[in-house]
1. What are the ³J(HN,Hα) couplings of the stretch 80-87, residue after residue, when phi is run through the Karplus curve with 6.51, -1.76, 1.60 and θ = phi - 60°? Round to Hz, x for glycine and proline.
2. Using a cut-off of 14 Å between beta-carbons, work out the net charge of the residues near Thr205 (Lys and Arg +1, Asp and Glu -1, Thr205 not included).
3. Order of Met1, Met223, Met214 from fewest to most other C-beta atoms within 10 Å?
4. Report the one residue of Val143, Val46, Ser58 whose Cα lies farthest in the direction of the positive end of the charge dipole of the chain (charges on C-beta: Lys and Arg +1, Asp and Glu -1; origin at the Cα centre).
5. What's the FRET efficiency of Asp154 with Leu102 using the Cβ-Cβ distance as r and R₀ = 25 Å, to the nearest 0.05?
6. Could you work out the relative contact order of the stretch 1-75? I mean the mean sequence separation of Cα pairs under 8 Å and 6+ apart, divided by the number of residues, in percent.
7. Can you compute the modelled spin-label distance between Gln182 and Cys35, with each label point 7 Å from Cα toward Cβ, in nm?
8. Tell me, for the chain, which Cys residues have no other cysteine's C-beta sitting closer than 4.7 Å.
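No lab work stands behind these numbers, since they all come straight from the coordinates. Nothing here was measured: the structure is a model prediction, and the numbers come from that model. Because the Cβ atoms are built from the backbone with ideal geometry, glycine has one as well, and the counts that use them run over all protein chains shown.
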Amino acid sequence: MRTKIVAGNWKMNKTPAEARVLIAGIRSILDGTNCPVEVVVCPPLVDLTVAAEALKGSFIGLGAQNMHAAASGAYTGEVSAQMLVETGVKYVILGHSERRALFGETDAQVNAKTKAALAAGLVPIVCVGETLEERESNRTDAVVTAQVMGSLADLGADLARCVVAYEPVWAIGTGRTATPGQAQEVHALIRRMLAKMSTGQVANTVRIQYGGSMKPDNAAELMAQPDIDGGLIGGASLKAESFADIVKAAC
Ligand code: PGA
């Protein structure tokens with residue numbers, strides 16, 4: 001049995017002071033609940049120190065939204081895996097579709113970052129997903145397969161430590177969710193790909209989250225699908241109640 005994992009991707013929202021308030025709100029609902037779900041919040045970089053403080057004593061883990069693959073050096077504006085680790089970060093979202101589309105991240109770069117994250121002991125949450133145009137031209141399987149094979153190449157046994165997030169780009173921030181059936185179909189494809197890249201056992205270990213307009217009212221049905229092991233939540237993670245409700249739906 002895979003432990004479900006629900007992560008909040010705050011994107012570029014919440015100042016450090018606001019992060020403290022949101023985390024306190026989430027903790028006031030979720031601390032003490034006996035829910036066997038891994039819960040993660042991923043605030044902006046400058047919030048991480050405050051967030052680590054605010055999460056002390058909680059079962060909720062801290063994640064970042066990006067990092068550089070190199071250990072150090074002349075990369076103005078970037079941060080390394082080790083810097084995140086020393087800030088209390090345990091997870092890092094990599095290759096989010098916004099980073100791919102707006103900042104030109106390639107599968108090769110995501111792969112390098114994934115390797116660096118694993119080497120530092122972080123859990124990478126590696127995002128894949130097709131655009132609307134790709135779906136409508138029946139290229140979903142080809143696009144997602146290429147992203148999985150490229151972004152997760154050559155990880156060996158470490159593949160089992162990765163989390164994959166399937167996020168159809170057309171469902172992100174649009175209010176348009178993939179149906180449970182549509183999502184399950186791609187999740188099953190991803191798991192078959194993972195089995196080809198490693199072993200069936202490793203593929204059965206990897207958690208595959210769904211992301212894209214996941215909300216309290218659709219979360220339970222999505223996460224009831226056999227290959228959907230949690231969610232990567234954008235908009236609905238910015239309010240304590242809706243994020244906590246999604247976590248509860250995973251319990
Ligand atoms: P959304 O974003 O829940 O606001 O659609 C999900 C994501 O981009 O991770």
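1. Couplings: 9, 4, 5, 4, 5, 4, 5, 8 Hz.
2. Values: positive: Arg2, Lys4, Arg161, Arg191, Arg207; negative: Glu38, Asp158, Asp227, Asp229.
So the environment of Thr205 carries a net charge of +1.
3. Values: Met1 6, Met223 23, Met214 30.
Listed from fewest to most nearby Cβ atoms, that is Met1, Met223, Met214.
4. Looking along the dipole axis, the top candidate is Ser58.
5. Numbers: r = 27 Å, r/R0 = 1.07.
After rounding, the FRET efficiency stands at 0.40.
6. Working: 91 pairs, mean separation 27.9, N = 75.
Taking the mean separation of contacting Cα pairs over the length of the stretch 1-75, I get 37 percent.
7. 2.6 nm
8. If one checks each Cβ against the other cysteines of the chain, Cys42, Cys127, Cys162 turn up with nothing under 4.7 Å.
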